[in-house]
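Colleague: Structure below; questions to follow.
The values are calculated or read from the model by the stated rules, or taken from the named source; none is laboratory data. For clarity, every value in this text was computed on a predicted model and none was experimentally measured. So basically every Cβ, Gly included, is an ideal-geometry build from the backbone, and we count neighbours across all protein chains shown.
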Amino acid sequence: MEEIAEKTAAYLAHKNPDSSDFEVTDLSRIHGGASRETYRFRASWTEGGARKERALILRRDPEASLIETERDVEFNAYRAFYPTGLPVPEPLYLETDEKWLERPFFVMEQVENCQAASPFGPDPYGPLAEKIGEQFWRHLGTIAGQDPAAIGFAAAADYPAPDTCWKAALDYWEGEIDGDALCPQPIAKGAIRWLRRNPPPPPKRISVVHGDYRTGNFLYDDEGELKTILDWEMCHLGDPLEDIAWAADPLWAFNDPRPGSMIDRDKALSIWSEHSGIEIDPVALRWWEVFSAVKGLAIWISAGKEYEEGNNVDPIMAFSSWYCTDVHNRQLVGWMPDLINAESRS
Amino acid sequence: MKPDVQTVMMRSFERILTDIAPHLCSEYAVGSSSVIGLMMFQTATEFERAADIRVQENAAMRGLFDEAVGMLPTGELRTRVEEAASSSDPSLKISELDQANDALSALLIELQAHAETMEGTAARKLETKIWDELARAATARRLPHPITG
């Protein structure tokens, strides 16, 4: 830890040549964030003769992660959304030169005095669920309603065609499953074939898709104010229903019928539509719900492979591969028979 | 081996959660040790049932192959399905049961994909039976959670 603190202080000094005496204290690694090593710390320095201090976050690429993504995707998302007023941390520095901390990283504001909830326990928000849920779905609607080009996100991302965005997403995650599976996956493969036989209608418009918008990936305070939305590393352009389906995935609700253990599904979808300006097509949403379980399986399967091969031995990688794969497999076998029967095949 | 593996895993899980994790001072260490404890809890269940689950799954897949053989046209897939239907598990070692399970599962994927391209009631029934077995197997493999059991 001491070495990371010293190197981080040296980096901050390099980025701020008009200031001096940089110090990094209280550096500690945060549990979770398995796609990046995440550290919180306090930086202090002398500027204009006065001593200053700020709480910051360091997100460093791991040697292998739960989600294989480029750190600039996440940084660019923060950079695009921070000026819009959406609650996200202020992005400060993106560094790809490995000389500083051996691997690429970025530094952003630390939003203090708030907490994240674990999706793997019952009723994580208690009496705050209603208040947090309304903000959760409102912010997701706001993300979907943004013009990606107007906020400067489109330039940094591939712009898929509306009628094929489902295929691009499915091709990617099927590739992850095929490349990383440690054993055959009949449930995932059966679901994927159904998804290909029954493509969804194209979205009304292409939106920014957070990619991992769910319980556990935002911080809230004791009064139930949603303070910041995190973990944008899977952010991309696509069908905004992808985010709804992922946020409402039963994995994040621990047997609670309320998506993410927050508010009722109908109310959640209504808030989302109001703030995105997009009407939800239930047939399309059903497709994206099945897709979400497949995407989840791909992530958990990849985590298991990284753990098995010793590339990332964080216990959360093994747990994800055991527990989350189990949940998503059972979810799919509960859904697929009805979906298969509803197909018009002789 | 006494005490039983299940007992040791459960006691260790309790120890980690109540006596060890709360006394660690690093947030990352607390989180990681709790996850390790949770996996010990799940290992206790898996150790007891692992062989049984695999033997049952392998037998069920062989049963599906046996039923499907008559529906398949003469060819390479039919030959492999026929051979798999009459295969058997080499031993009760988990690694060897897993190896057999992987081979049978890979063939099941092929059979299911093939059935989806076939027309007729028999093909639809076979699809249904395959999904029923996948559901049964997934339910049998359900991992316990300390809160829900």
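Colleague: Among A:293, A:253, A:191, which is within 14 Å of chain B (Cβ to nearest Cβ) and in contact with a His (Cβ under 8 Å, 6 or more places away or on another chain)? Don't jump to the end; show me each part of the working.
Modeller: Numbers: A:253 fails: in contact with a His (Cβ under 8 Å, 6 or more places away or on another chain); A:191 fails: in contact with a His (Cβ under 8 Å, 6 or more places away or on another chain).
So the residue among A:293, A:253, A:191 that is within 14 Å of chain B (Cβ to nearest Cβ) and in contact with a His (Cβ under 8 Å, 6 or more places away or on another chain) is A:293.
Colleague: Give B:91, B:105, B:86, B:95 a once-over and let me know the one that is closer than 23 Å to residue A:187 by Cβ and more than 7 Å from chain A (Cβ to nearest Cβ).
Modeller: Numbers: B:91 fails: closer than 23 Å to residue A:187 by Cβ; B:105 fails: more than 7 Å from chain A (Cβ to nearest Cβ); B:86 fails: closer than 23 Å to residue A:187 by Cβ.
When all the criteria are applied, what remains is B:95.
Colleague: In the list B:55, B:8, which residue meets the criterion of being buried (at least 16 other Cβ atoms within 10 Å of the Cβ) and away from chain A (no Cβ under 14 Å)? Explain how you work it out, then say what you get.
Modeller: Working: B:55 fails: buried (at least 16 other Cβ atoms within 10 Å of the Cβ).
Criteria check complete, one pass: B:8.
Colleague: What do you reckon, is residue A:332 facing chain B (nearest Cβ under 9 Å), of a type in the set (A, V, I, L, M, F, W, C), in contact (Cβ under 8 Å) with a residue 60 or more places away in the chain and more than 26 Å from residue A:132 (Cα to Cα)? Talk me through it step by step, then tell me what you get.
Modeller: Working: facing chain B (nearest Cβ under 9 Å): yes; of a type in the set (A, V, I, L, M, F, W, C): yes; in contact (Cβ under 8 Å) with a residue 60 or more places away in the chain: yes; more than 26 Å from residue A:132 (Cα to Cα): yes.
In short, yes.
Colleague: Does residue A:299 satisfy being assigned to a helix (DSSP H, G or I), within 14 Å of another protein chain (Cβ to nearest Cβ), more than 20 Å from residue A:144 (Cα to Cα) and not charged (D, E, K, R)?
Modeller: Numbers: assigned to a helix (DSSP H, G or I): yes; within 14 Å of another protein chain (Cβ to nearest Cβ): no; more than 20 Å from residue A:144 (Cα to Cα): yes; not charged (D, E, K, R): yes.
It is false that residue A:299 is assigned to a helix (DSSP H, G or I), within 14 Å of another protein chain (Cβ to nearest Cβ), more than 20 Å from residue A:144 (Cα to Cα) and not charged (D, E, K, R).
Colleague: Exactly one condition in (1) within 13 Å of chain A (Cβ to nearest Cβ); (2) farther than 21 Å from residue A:335 by Cβ; (3) not acidic (Asp, Glu) is false for residue B:113; which is it?
Modeller: Of the numbered conditions (1) within 13 Å of chain A (Cβ to nearest Cβ); (2) farther than 21 Å from residue A:335 by Cβ; (3) not acidic (Asp, Glu), the odd one out for residue B:113 is (2).
Colleague: Now, a different point. How many residues does segment A:163-209 contain that are loosely packed, with under 14 Cβ neighbours inside 10 Å, assigned to a loop (DSSP other than H, G, I, E, B) and of a type in the set (Gly, Ala, Ser)?
Modeller: Looking only at that region, the number is 0.
Colleague: Still on this model: Being part of a loop (DSSP other than H, G, I, E, B), free of Cβ contacts under 8 Å to residues at least 12 places away in the same chain and either farther than 30 Å from residue B:57 by Cα or small (Gly, Ala, Ser) (or both) is true for just one of A:117, A:149, A:155. Which residue is that?
Modeller: Values: A:117 fails: free of Cβ contacts under 8 Å to residues at least 12 places away in the same chain; A:155 fails: part of a loop (DSSP other than H, G, I, E, B).
Every option except A:149 fails the conditions.
Colleague: Give the residues of segment B:17-33 that are assigned to a helix (DSSP H, G or I), over 15 Å from residue A:313 (Cα atoms) and facing another protein chain (nearest Cβ under 9 Å), sorted by residue number. Outline the logic, then answer.
Modeller: Here is the first cut: in segment B:17-33, the residues assigned to a helix (DSSP H, G or I) are B:17-23, B:27-33.
With the extra rule that they be over 15 Å from residue A:313 (Cα atoms), the set shrinks to B:17-23, B:27, B:30.
Scanning segment B:17-33 gives B:27, B:30.
Colleague: Can you find a residue in segment A:139-147 that is more than 19 Å from the chain's Cα centre (by Cα) and away from chain B (no Cβ under 14 Å)? Break it down stepwise before answering.
Modeller: Step one: list which residues in segment A:139-147 are more than 19 Å from the chain's Cα centre (by Cα), which gives A:147.
Next, only the ones that are away from chain B (no Cβ under 14 Å) stay: A:147.
The answer is yes; a qualifying residue exists.
Yes/no matrix, rows are residues, columns are (1) under 30 Å from residue A:110 (Cα atoms); (2) in the same structural domain as residue A:294 (by TED's automatic domain parsing); (3) at pLDDT 95 or above:
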| residue | (1), (2), (3) |
| --- | --- |
| A:156 | yes, yes, no |
| A:171 | no, yes, yes |
| A:181 | no, yes, yes |
| A:186 | no, yes, yes |
| A:200 | no, yes, yes |
| A:233 | yes, yes, no |
| A:237 | yes, yes, yes |
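Colleague: Regarding segment B:129-140, can at least one residue be identified that is under 13 Å from the mean Cα position of the chain (by Cα) and more than 13 Å from chain A (Cβ to nearest Cβ)? Explain how you work it out, then say what you get.
Modeller: Here is the first cut: in segment B:129-140, the residues under 13 Å from the mean Cα position of the chain (by Cα) are B:133-140.
Pick out the ones that are also more than 13 Å from chain A (Cβ to nearest Cβ) and you get none.
No, the conditions are met nowhere in segment B:129-140.
Colleague: Anything in segment A:20-41 that is away from every other protein chain (no Cβ under 13 Å) and loosely packed, with under 15 Cβ neighbours inside 10 Å? List them, or say none.
Modeller: Scanning segment A:20-41 gives A:20, A:21, A:25.
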